[in-house]
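Reading through the structure tokens given below for one structure.
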Amino acid sequence: MRRKVDRNRLEKFMRALAEHANRPAKVFFTGGTTAVQEGWRDATIDVDIQIVPETDEILRAIPALKERLQINIEFASPPHFIPEVPGWEERSTFIVQEGFLSFYHYDFHAQALSKIERSHERDIADVKEMLLRGLVQPNRLKELFALIEPNLYRFPAIHPPSFRRKLESLLSEVGRG
């Protein structure tokens, strides 16, 4: 069984991945990886990433890195769960440059909407932390939800009225709605 990923292990992964990049690319962290990097969680069970553009050199390196570093790596980002939120890349927050790789947090607002839709206990705690830290703005969450709402039909497991209620309920609960 692979070990949990703390900030130190995450930084080792970033350096190791960068060793395999031979041209510029962006790596976007999501989920628990963002929580660890930002400091509101000590560790996560896997490193959730999206790479833009994907390159064979980087993708081929990942299985070996998983074994060498004993970490779980998943290709997961908000568009796997909800429609792509317009402008996500411009709102993504730069972390660090390692060689040819630029590391970013995937847009916090898109992450928050994805977490709200799934509504797992840890996801909701993460969104509350994002709100508390000012990483997401309630009104902007509502605006971005309105932009993706017409495309929710592409995700048949999502019930749009329920998603809207989850968003409104969470914002009301934290007194920001």
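Annotations
- Surrounding net charge for A76, when Lys and Arg each add one and Asp and Glu each subtract one, Cβ distance under 9 Å: -3
- The chain, helix-only ellipticity at 222 nm - DSSP H runs n ≥ 4, -39,500 (n - 2.57), divided by all residues, nearest 500: -14500 deg cm²/dmol
- The simple Förster model, with R0 at 45 Å and r as the Cβ-Cβ distance, assigns E19 and R154 a FRET efficiency of 0.75.
- Per-residue extension of 0.36 nm, minus the Cα-Cα distance of I45 and E11, leaves a gain of 10.7 nm for this segment.
- Computed from the C-beta positions of F75 and S162, the FRET efficiency with R₀ = 30 Å rounds to 0.65.
- Anchor K142: lysines whose Cα lies under 21 Å away (excluding residues fewer than 8 positions away in-chain): K115, K128, K166
- Alpha-carbon centroid distance for the pair the stretch 82-139 / the stretch 141-177, whole angstrom: 15
- Heavy-atom accessible area per residue - the stretch 1-105, 1.4 Å, Å²: 49
- Projected over every direction and averaged, the convex hull enclosing the alpha-carbon atoms of the chain yields 10.0 nm².
- Ranked packing of 48-58, 155-165, most packed first, by mean Cβ within 10 Å: 48-58, 155-165
- Share of carbon and sulfur in the accessible heavy-atom surface of the stretch 36-81 [1.4 Å probe, %]: 49
The values are calculated or read from the model by the stated rules, or taken from the named source; none is laboratory data. As the structure is a prediction and not an experimental result, all values here were calculated from the model. Cβ: placed from backbone, ideal geometry, glycine included. Neighbour counts: every protein chain shown. For accessibility, only protein heavy atoms count, side chains too; no ligands or nucleic acids. Shrake-Rupley method; radii C 1.70, N 1.55, O 1.52, S 1.80 Å.
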